[in-house]
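Everything below concerns the one structure shown next.
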2 protein chains.
Amino acid sequence: MTELADRTAGTEPGRSTTPAAGRPGAPEQPAVDVAALGEQLLGKWADVRRHARAVSGQPELHKIEGLTHTEHRRRAFGQLEHLVRHEAVHRAFPSALGGNDDHGGNIAGFEELVTADPSLQIKAGVQWGLFGSAVMHLGTEDHHRKWLPGIMSLAIPGCFAMTETGHGSDVASIATTATYDPAAEEFVIHTPFRAAWKDYIGNAAIDGLGAVVFAQLLTKGVNHGVHAFYLDLRDPDTKEFLPGIGGEDDGVKGGLNGIDNGRLHFANVRIPRTNLLNRYGDVDAEGNYTSPIASPGRRFFTMLGTLVQGRVSLDGAAVAASKLALKTAIQYATERRQFNASSQTDEEVLLDYQRHQRRLFTRLATTYAASFAHEQLLEKFDDVFSGRHDTDEDRQDLETLAAALKPLSTWHALDTLQECREACGGAGFLIENRFASLRADLDVYVTFEGDNTVLLQLVAKRLLADYAKEFRNANVGVLARYVVSQATGTALHRSGLRQVAQFMADSGSVQKAAIAIRDESSQRALLTDRVQTMVAQVGAALKGANRLPQRQGAALFNAHQHELIEAAQAHAELLQWEAFTEALGNVTDPGTHKVLTWLRDLFGLSLIEKNLSWYLMNGRLSMQRGRAVGEYINRLLVKIRPHAVDLVDAFGYGPEHLRAEISTGAEKIRQDEARDYFRKQRASGQAPVDEKILLARTTLQSKAARA
Amino acid sequence: MTELADRTAGTEPGRSTTPAAGRPGAPEQPAVDVAALGEQLLGKWADVRRHARAVSGQPELHKIEGLTHTEHRRRAFGQLEHLVRHEAVHRAFPSALGGNDDHGGNIAGFEELVTADPSLQIKAGVQWGLFGSAVMHLGTEDHHRKWLPGIMSLAIPGCFAMTETGHGSDVASIATTATYDPAAEEFVIHTPFRAAWKDYIGNAAIDGLGAVVFAQLLTKGVNHGVHAFYLDLRDPDTKEFLPGIGGEDDGVKGGLNGIDNGRLHFANVRIPRTNLLNRYGDVDAEGNYTSPIASPGRRFFTMLGTLVQGRVSLDGAAVAASKLALKTAIQYATERRQFNASSQTDEEVLLDYQRHQRRLFTRLATTYAASFAHEQLLEKFDDVFSGRHDTDEDRQDLETLAAALKPLSTWHALDTLQECREACGGAGFLIENRFASLRADLDVYVTFEGDNTVLLQLVAKRLLADYAKEFRNANVGVLARYVVSQATGTALHRSGLRQVAQFMADSGSVQKAAIAIRDESSQRALLTDRVQTMVAQVGAALKGANRLPQRQGAALFNAHQHELIEAAQAHAELLQWEAFTEALGNVTDPGTHKVLTWLRDLFGLSLIEKNLSWYLMNGRLSMQRGRAVGEYINRLLVKIRPHAVDLVDAFGYGPEHLRAEISTGAEKIRQDEARDYFRKQRASGQAPVDEKILLARTTLQSKAARA
C-alpha cells in the first residue's frame, strides 16, 4: 500500500516559491491536512479503494503502450484472469456463490482499475458488470446456478449484446427478435436486417463464448418489448461461432484497444425457452406471457435499470483519471521554468503564471466537486442495489442523478486530460506521460453507456415533469422546491434550498441578495435560481405541447432542445456544487476547511462566470457585480497557489498509478542542473558576455566620449 | 481528379426532409452553387491544391491504422520518397535546383497532405519545410549547392534541431553552444547539461543523416545569440551516430507515430567554420563576428522568421482536417435516424435535431471563417517570401497574423474532430471513420511550432505596442484605428473599420448602433469594439509597468495575463470574421451569397454569444438584445439546414480523402432496408401487435363493457 505521508513529504520542493507562500512569519497562511483530506476523498469504501489501488499498482496490470490491438487484446484477457485470482471483481455477486453482495464496494473497486489500463477496466466491466450482472439481475436462481460460477471464474467470457448498428442509446427500438415457438418450446433469435446487427459489443470479436442478447420478445403475435436471453455464442473448444451465428471485428478504435469489440448477427438461432432471463417477464410452455410488472413501459425501465451501474462506475472512473492528470500536470508546473519575466537569471515556474493557474486550478476545483458528487451517487446506488432504499422513486432518483453526473464528469475528464497535456507542452504529447493515452481511452466514455447528450435530455424531461407536478398547485413559495427532489437527498440540501427559496421570497431579488457573490449562500442562490428559472421558462414555452398534433408538438419541443439540455447541465452543476459544499461541512481541520472553501468558491464562481451572460440578461447580477466575478476568481487562484500540490497529493495516487516520466521530479533535477551550471559559470568569471550587453556598454562609452 | 458536380449530384438523398426545404413551390429558397463556391474555397493556388489532392488520394500515401510505431515510421519514410517522385514537395526551392520559387503554392500543396496521413505531412514538413528551408533561408549559395540537392532528393534525411528538453517555445533561451575555435577554424557544438538536449526532433530517432542545429554562437568571449549550424549526424552507411553525438528515441506519442521523434546531444562535436549558416551572421577565420543586422534582437527574429511558414501551414492543415470531419459528420447526420419524436413509424434524421444543428453548424461556420482567413494569411506569406512585399513591417504583420490564426484554427480542428466524433456516437469512435485518428495526430498542432498560448501572448504584446503608439497622439477618432494595422491589409478592412469608428463616434454608443445585431455593420461594430476596449483596458492597467522594479512590473503583467490572452483571441476572431465578410464580397451567385451570409451571421453571432457577458457588462448590449442573440442563432440553424450538405460538398473532398465508412452512404442503405422491412411487415398484416397497444385496446373494451 502506498503511504500518503511519505509522498507528501517528498513533494515539499514543489511548493510555491512566491513570496507570500513560503515566507516565514506569515502565520495566517493555512495548511492542508493532506492525510485527512485524502481519507475523506477515499470515502465510504476507502478500504476497497486501497485494495483496488494496490492491485492496480501491480505491473502485470499496467497498459503497455505501442502494442498492436491484437497484442493488447491478448494482454487484457490475461489481466482479467489476474483480477479473478486477486479477488478484485466479485464483490457484487451473491455471497452464496463466493461474492460479497457488496454493490457499492464493487463499483468503488472497479473505478480504480482505470489507473492500470482503461481497456482492462472496461473489459472487466463487460464481463462482470454487464454480462454477469445481466444474468444476476435479470435472471433467476436457476440461471445464477448455471452460469454465474463460470462467468465469475472467466470460464465463460461473454457479451452484453444490446446495442445495434441502427440503435445505440435508443434501446427500445432495437430490432433483433426472439420469437417463441411453442411446438419446440424454444425461442428463435433472429436478426431481420443489417441495421439490427449487434455492434460495438465487447468480447464479441474474439473471446466471447456466451452472450446475453437483448431482443423484442414475440409470442402469440404480441410484441412484449425488449427482454434478455442467454445464448451460447462459440464452441468452447474450437472458438468458432455456433451455427446461425456470425460476426465481424470492429477493428481498431480511437482507444480501449485491449477490448475485442465486434458485431454479431443471428439467423434463426434456437435456444431453450428457459434461456429467457425471466425475472421481469416469463413465457410458459404454451407461450403465455406473464410479468410481475403490468406496465410495459415500467417493465422496460426496470430491466434497463441495471444499466445504471455502468453510468455510476464511469462517473467514478472519469474522476479518477482527472485526478491522475492533475497530479502530474500540477507537480510538473511547480518544477518547470519557462521565460524569465521577473529576473535576468531565473525563469518563472509555470504554476506562477496566472493563465496556467486558471487552466489547472479551475479544473482542480471541478474535479473535487465531481469527486464529492460521485461519492453521493455511489452511496445512493448502494442504497438502491442493496435493497435498503429501493422504492420506485429511489430508483428514478438514482437514474436521474447518474444521468446528470456521468455526462459532466466524463466530458470533464477529456477536457482535463487535454488541458493538462497542453499545459505540459511537447512532453505532454509523449505517451510516457500518459495524458494522450488516457484521453484516447476515455474518449468513448462520453457516448457509451448512454450518450451524454441523450442522458442530459433524460434529466431535462425529469425536471420538466417535476416542474409540472409542482406547478399544478403552484404558488411562489413552493415554486423553488422542485429542485429539491432532484438533489441527493440530504437534510442539508433540503434546508439549504428551502432557505434560498425563502430568502429569495423575502428579498424579492437575487441581485440584491448577492451582496457578496463569494459567500456560500449567494453562490447557492445564483446557481439554484438559474436552474429553476430555466426550467420554468422552457416549461412555459412547452406548455400544451402534448395537446398539439404530434408533428407540431415535436417541432415545438425540438425548438427548445438546446435550452433544455442547458437547463439539465445547470442542474447537474448545482448538484456538484451542493456535494462539494456538503463535503466542506465534514472537514474538521480549520486549515483544510479554509483552503477547500477557496476551492469550492472557485468552482462556484467559475460556474457563474461561465454563465455570466445569463445572470446579466436575467437581471440576477448587476453589470458592476458581473465584472467582479473574474477579479474574484483571479484572487482565488493566488490564494490556492501555495496549496496546489497538497490538493493533488490528497488524491493519494502514487508513482505506481501515475507512471508519468514528468511526475517523477526529473524536471526539477534537470532545472537544478542547468541553474547550477550557469551559477558556476558566472562565478568563474568565464561566462561569455551577451552581445546585447556589449552593445549597450559600447553605446554608453561612445556617449561618454562625445560628452 | 475528383469531380465536384458528380459528388454533389450523388448527395441529393441527403438533403433535408423538413417540409420547408424540399417542398415544391417554395421558390424563395436559395440554392448554393457548389462548384463555384468550391472554386472560391480552393483559392489562389487552386491548381496546386487539385494536384496535391490527387497525390494525397493515392492509396500508397494513406495511413494504415493499427500499425506499430516502428512499422508506421518505415511506411512514412517510403512515402516521402513517393512524394519526391511525384514532384509534390519542391515548389519552394530555387528554380536553379529544380524547384519553382513558389512559396505560397508550396504551402498550399503541403496542407492537403494532411488528408493522406498527418504523419506523412509533418515528416515532409520536417525534411523540406524545416531542415531544407533552414539551409535555404539561413544558408548562402555554397550551402545551397552543397546540401539542397541531397535534401530535396531525400538522399540526406535531416533534422531541424532547435527545441530542447528545457526550452520549447522560448528559443532564445536554448543552451546548446557553438564555440568558435580560431586555431582549428572550427565550431565546437556542445550540450552543457541534460536540459539542453535537443528534444522532440523529427528524424532524430532513426532516419536523420544531417541536421541543422541551433546553438548560442560564442566567439571571442561574446555570445552573439542563437544561430544555425549544419552538422552531419550519422554515418550514411552504418546509420550510426558520428563520434560525440548521442541520442534517444522519444518513443510512442499521442499521435503522428509515423515520425521518429527523438533527442540529440553533442559532446564537443567539431564542424568546419563554414558550416555556420551565415546569411544573417558570420564569423571569419580569426573569429570576428559580423552581421548585416546590427541589432541582436532584430537578427534573432529575422532568423526565426522562417519558422512562420510552419505556423502558416499548420493553420491550413487544421482547416483541411476540420473540413474532412464536418463533411463526414454532416453527411451521416442526414442519413442516420434516431428516436421518433414526430411519428410512430419514422425516426428523425439526426440533422433535424436542434442540438445537432447547433453542434455541427456553428463549427461549420467557424471552419468557413478559418478557411477564408487562412487564404489571406497564405497570400500575405507569399507576398513576403516572394519578396514582393517584404519590408520589416510586412514581416511583422505576417508573424502577428500567423500567431493569431494558428492557435484558433488548430484548437478549432481538435474541437471539431471531437464534436463530430461524438455526434456520430459509437461509430465515431471506430478508427474506420477517422475522427479519432485525425484528432490524435492533430493534437500536437496546438503546442508545436509555437505553443498556442504563447503565440496569443505575442499577439497581445503587439496589440499593446500598437495601442501605445496610437495613444501617444490620441484622440477619440483615431483610437479605434490601431486594429487596422493588424488586419490583413485590404482596403475593405480599412474603410470598414474606419466607418465603424466614425459610426461609433457619431452615435456615441454601440448599444444604440446595434439596432439589428444580425446586420453586418452591427456585428463588425460589436466585434471590433470588444477588441479595442479590451486592449485599452489592459493597456491602461499596465501603464507604467515598465517603470516599476522588474519583479513588480512582471507581477502586474502576470495579474493581467488572462485578460491579455482573451484580448488576443478576440482580435484573432475579428480577423476571421473580416476574412469571411471579405470573401462574401467575392461571391457573385445570389443564392450562394444568401446562404453564406447566413453562415457568416451564424459565425458572428456565435462569437457574440460566446462573449455575451462582456457585451452586457460593458453596456454594449441591452439585456433584451442579449436575449435575442440565442434566438437569432436558432433561426439561422433552421435556415442553414437545407444547405448543409451543399456547404460541406463545396469543400471538394472525395471518398479517396474522406475514407470514412459512414460517409459512403452505407447508413442510408441500412436505414432504407430497415424501413422497408417494417413497411412490408405492416402491409402483410403479419406484424406483431405491440403489448402497449393491446393494453390500451383492452382498457377501452372493458370500459365499453362497463358502460
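Taking every DSSP bridge with both residues inside the protein assembly as shown, close to 80 percent are antiparallel. Taking 29 Å as the limit for the C-alpha separation, the pairs B:380/B:469; B:123/B:406; A:253/B:44; A:123/B:253; A:692/B:123 exceed it in the case of A:253/B:44; A:692/B:123. Here each label is just a point 7 Å from Cα along the line to Cβ, and for residue B:237 and residue B:547 those points are 7.0 nm apart. Suppose we keep just the DSSP beta bridges with both residues in the range B:160-297; what percent of those would be antiparallel, to 5? Given both bridge residues lie in the range B:160-297, the antiparallel proportion sits at roughly 85 percent. Can you bin the range A:218-320 into rounded, prolate or oblate? Criterion: square roots of the alpha carbon gyration tensor eigenvalues sorted a ≥ b ≥ c, rounded for a/c under 1.5, prolate for a/b above b/c, oblate for the rest. Oblate. The phi-based Karplus calculation (6.51 cos²θ - 1.76 cosθ + 1.60; θ = phi - 60°) puts the 3J(HN,Hα) values of the range A:274-290 at 6, 7, 5, 6, 9, 5, 10, x, 9, 10, 7, 4, 7, x, 7, 8, 9 Hz, whole numbers, x for Gly and Pro.
With axes computed from alpha carbons, what is the tilt in degrees of helix A:520-542 against the longest principal axis of chain A, rounded to the nearest 10 within 0 to 90? Helix A:520-542 sits at roughly 40 degrees to that axis. Inter-part distance, the range A:392-458 to the range A:100-178, computed on C-alpha centroids, equals 21 Å. Largest first, the three principal axis extents of the alpha carbons in chain A are 116, 66, 47 Å in whole numbers.
Residues of the range B:427-454 that bury at least 30 Å² of accessible area once all protein chains are present, compared with their chain alone (1.4 Å probe, heavy atoms only, ligands and nucleic acids left out), are B:429, B:430, B:431, B:439, B:443, B:444, B:447, B:453.
Of B:434, B:50, A:682, B:74, the order by accessible heavy-atom surface (1.4 Å probe, DNA, RNA and ligands excluded), from most exposed downward, is B:74, A:682, B:50, B:434. Neighbours of residue A:283, meaning other residues whose beta-carbon lies under 12 angstrom from its beta-carbon, give a summed charge of -4 when Lys and Arg score +1 and Asp and Glu score -1. With angles folded into 0 to 90 degrees, how steeply does helix B:46-56 sit against the dominant principal axis of chain B? Use alpha carbons for both and round to 10. On a 0 to 90 degree scale, this one is about 90. A cut-off of 5 Å between modelled amide H atoms, ignoring neighbours fewer than 5 places along the same chain, links residue A:689 with B:222, B:223. Straightening the chain between residue A:39 and residue A:521 buys 170.8 nm, computed as 0.36 nm per residue apart minus the Cα-Cα spacing. With a ≥ b ≥ c the root eigenvalues of the C-alpha gyration tensor of the range B:565-707, is it rounded (a/c under 1.5), prolate (a/b larger than b/c) or oblate? Cα axes put the range B:565-707 in the oblate bin. Note that the protein assembly as shown shows a convex hull volume over its alpha carbon atoms of 192 Å³ per residue. Summary of the geometry: the range A:543-589 and the range B:609-677, compared by the centres of their Cα atoms, lie 23 Å apart.
Hey, for residue A:705 with labels 7 Å out along Cα-Cβ, what do the inter-copy distances come to in nm, ordered shortest first? Going from nearest to farthest copy, the values are 12.0 nm. Once backbone amide H atoms are built at 1.01 Å from N, residue B:277 has B:228, B:229, B:230 as its partners under 5 Å, excluding neighbours fewer than 5 places away on the same chain. Seen against the Cα atoms of chain A and their longest principal axis, helix A:141-153 is set at about 40 degrees.
Heavy-atom accessible area for residue B:356, with the other protein chains in place and a 1.4 Å probe, reaches approximately 20 Å².
Once you sort the root eigenvalues of the Cα gyration tensor of the range B:160-297 as a ≥ b ≥ c, which label holds: rounded (a/c under 1.5), prolate (a/b larger than b/c) or oblate (the other case)? Prolate, because a/c is 1.5 or more and a/b exceeds b/c.
Here the accessible area of the range B:160-297 is 51 percent carbon and sulfur, with a 1.4 angstrom probe and all protein chains present.
For residue B:388, the label point sits 7 Å beyond Cα toward Cβ; its separations from the matching points on the remaining copies run 7.6 nm, from shortest to longest. Positive contributions from Lys and Arg (+1) and negative ones from Asp and Glu (-1), summed over other residues with Cβ under 12 Å from the Cβ of residue A:147, come out at -1.
Counting charges near residue A:520 (Lys, Arg +1; Asp, Glu -1) among other residues having Cβ under 13 Å from its Cβ returns a value of -1.
Restricting attention to chain A, close to 80% of DSSP beta bridges with both partner residues there are antiparallel.
Taking 0.36 nm per residue of sequence separation and removing the Cα-Cα distance, the residue B:100/residue B:268 pair yields an extension gain of 56.6 nm. Relative to the other identical copies, residue A:631 shows label-point distances of 3.4 nm, where the label point lies 7 Å from Cα along the Cβ direction and values run shortest first.
With helices as the sole contributors, the protein assembly as shown gives -17500 deg cm²/dmol at 222 nm; each DSSP H run of n ≥ 4 counts as -39500 (n - 2.57), and the sum is divided by every residue.
The values are calculated or read from the model by the stated rules, or taken from the named source; none is laboratory data. Just so it is clear, the structure is predicted and the values come from calculations on it, not from any experiment. Cβ sites come from the backbone with ideal geometry, for glycine too, and all protein chains shown count toward neighbours. We work out accessible area using only protein heavy atoms, side chains counted, and drop any ligands, DNA or RNA first. Shrake-Rupley method; radii C 1.70, N 1.55, O 1.52, S 1.80 Å.
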